[in-house]
Amino acid sequence: MKRGLLFSLLCTSALFAAPPPLDDVTRQLTRDIYKQLIEINTTDSVGNTTTAAEAMAARLKAAGFPNADIQVLGPNPRKGNLVARLRGSTREKPILLLAHLDVVEARREDWSLDPFVFTEKDGYYYGRGTSDDKGMAAIFIANLIRYKQEGFIPKRDLIVALTADEEGGDYNGVSWLLKEHRDLIDAAFALNEGGGGRMKEGKRLYNGVGASEKVYVSFGLETHNKGGHSSVPRADNAIYELAEGLVKLEKYQFPIEMNEVTRTYFERMSKIEDGSTAKDMAAVAKGDKAAAERLSQTAVYNALMRTTCVATRLQGGHADNALPQSARATVNCRVLPAGSAEDVRNTIVKVLNDPGIDVTWIDRPKPSAPSPLDSAIIGPIEQVTNEFWPGVPVMPLMATGASDSLYLRNAGIPSYGVSGLFAEINDSRAHGRDERVGVAEFYESLQFLYALVKRLAS
Ligand SMILES: [Zn+2]
């Protein structure tokens with residue numbers, strides 16, 4: 001009996017590729033990498049992602065990766081990207097592990113501690129980029145070194161890409177790599193930021209997996225007028241004309257449209273929420289329009305169910321004592337992934353119903369087809385999630401913002417936001433002050449991604 005039990009335990013762990021326990025050496029290595037990344041300033045204004053990419057390249061070389069499998073490259077000396085490869089045993093298409101090296105600006109005077117000094121305090125790691133996105137970058141590098149040191153040979157190549165200018169700047173690393181060195185990062189699918197677990201007062205609610213993103217596009221609304229002296233107002237006025245158009249737009253709502261990701265999201269959330277919200281979520285997942293209307297009173301749910309367009313900037317006139325010759329507003333839209341920005345523009349024109357208001361493109365949309373909830377990928381994510389946090393559901397997410405996954409999706413590489421990094425649901429500090437990640441949660445994410453990537457690659 002005993003031998004049988006031991007045997008089956010061994011088989012189970014081999015089958016599930018459970019991570020080795022977190023020993024002090026691994027913990028220290030990962031912490032050192034994380035600290036090093038946080039303390040290299042990688043902001044667009046004064047930072048340098050090349051320095052960070054080279055530091056990670058040096059660590060991989062020291063761990064025994066051949067020079068040929070590690071590259072630091074980019075279109076600008078300050079905007080380098082790292083691409084590293086762990087060779088697999090077959091020619092099956094690789095798995096890409098993507099994290100961005102650049103971070104949002106952070107000013108010392110806005111923070112309670114130095115954003116570019118890695119600080120451990122009260123059970124958290126603080127620093128700009130701890131959550132967005134240097135945690136994942138550090139974890140991918142540490143796990144690649146672990147795989148190498150234990151002699152793990154994946155079935156397919158594992159590629160780690162740490163890239164520049166996700167947050168802004170002119171040298172987006174993913175888009176540049178796809179254009180100039182597609183062979184280096186070409187993959188069957190990618191794991192990226194955009195997911196993560198959510199907790200409420202320490203209780204794990206769900207492990208989120210980003211599978212889809214809305215599409216960003218902005219329009220300029222502009223009116224023109226002869227103008228003149230403001231002591232003799234005319235019946236027509238550029239500011240009033242624009243204002244009337246904006247009021248019409250304010251009152252208009254795009255239709256509710258659900259997709260695979262949002263339907264699954266509401267269906268699973270209905271089991272986590274309670275009361276009338278839970279009931280409405282379950283009904284929405286089944287197509288109930290009245291429930292959708294009720295849920296859409298909450299801004300975040302509204303943004304998941306429909307395309308939104310909202311006025312974000314306004315300017316007009318040229319002097320206090322002159323009739324305005326022009327007025328202009330910016331309207332920022334977030335288009336559902338299945339929608340078309342061209343259709344959204346046509347709808348705006350129709351709603352304004354005023355040929356005097358020009359509607360121009362401020363930027364061209366970058367469409368982003370949802371990545372399928374493919375069981376070959378979602379299945380292992382669910383299994384590993386259940387092994388780490390029994391009973392915690394995997395939650396497919398559609399982001400209302402965009403990440404670098406859009407470039408990969410457009411290039412035909414399905415991308416999934418997954419980290420297993422849990423944070424309190426009301427404690428999102430990415431891009432804000434005192435950005436932080438829980439120490440215990442960070443190492444759980446390290447172990448989770450270790451196991452998940454191994455399973456996907458075996
Ligand atoms: Zn990010």
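So the values come out like this:
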quantity	calculated
Criterion: touching a strand residue (DSSP E or B) at 6+ places or on another chain (Cβ under 9 Å), more than 30 Å from GLY356 (Cα to Cα) and of a type in the set (S, T, N, Q) - qualifying residue of THR298, THR262	THR262
Test: residue in region 408-424 that is open to solvent by 10 Å² or more (accessible area, probe 1.4 Å), farther than 20 Å from SER212 by Cα and among the aliphatic types (A, V, I, L, M)	yes
Elements of type helices (runs of 4 or more DSSP H) contained in region 1-97, each with 1 or more residues being modelled with pLDDT of 95 or more	24-39, 49-62
Number of positions in region 116-131 that are open to solvent by less than 40 Å² (accessible area, probe 1.4 Å), in contact with a strand residue (DSSP E or B) (Cβ under 8 Å, 6 or more places away or on another chain) and part of a loop (DSSP other than H, G, I, E, B)	3
Residue in region 149-169 that is assigned to a helix (DSSP H, G or I), out of contact with any Phe, Trp or Tyr (no Cβ under 7 Å at 6 or more places or on another chain) and more than 16 Å from the ligand (Cβ to nearest atom) present	yes
Region 68-91 residues that are without any contact (Cβ under 8 Å) to a residue 24 or more places away in the chain, paired with ones that are open to solvent by 50 Å² or more (accessible area, probe 1.4 Å) (beta carbon under 8 Å, 6 or more apart)	ASP69/ARG87; ILE70/LYS61; VAL72/GLU54
Listing of helices (runs of 4 or more DSSP H) fully contained in region 179-289 that carry 1 or more residues being within 16 Å of the ligand (Cβ to nearest atom) and out of contact with any Lys or Arg (no Cβ under 6 Å at 6 or more places or on another chain)	none
Any hit, region 127-136, residues being of a type in the set (S, T, N, Q), under 22 Å from the mean Cα position of the chain (by Cα) and within 16 Å of the ligand (Cβ to nearest atom)	yes
Candidate set: region 177-208, residues that are in contact with a Pro (Cβ under 6 Å, 6 or more places away or on another chain) and closer than 23 Å to LEU86 by Cβ; chosen: the one surrounded by the most Cβ atoms within 10 Å (Cβ to Cβ)	ALA187
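Residue-wise test of (1) among the charged types (D, E, K, R); (2) open to solvent by 10 Å² or more (accessible area, probe 1.4 Å).
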site: SER212; (1), (2): no, no
site: SER231; (1), (2): no, yes
site: LYS251; (1), (2): yes, yes
site: PRO255; (1), (2): no, yes
site: ARG268; (1), (2): yes, yes
site: ILE272; (1), (2): no, yes
site: MET281; (1), (2): no, no
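The values are calculated or read from the model by the stated rules, or taken from the named source; none is laboratory data. Since we're looking at a predicted model, the values are computed, not measured. Cβ: placed from backbone, ideal geometry, glycine included. Neighbour counts: every protein chain shown. Areas reflect the complete protein model, heavy atoms only, side chains present, ligands, DNA and RNA absent. Shrake-Rupley method; radii C 1.70, N 1.55, O 1.52, S 1.80 Å.
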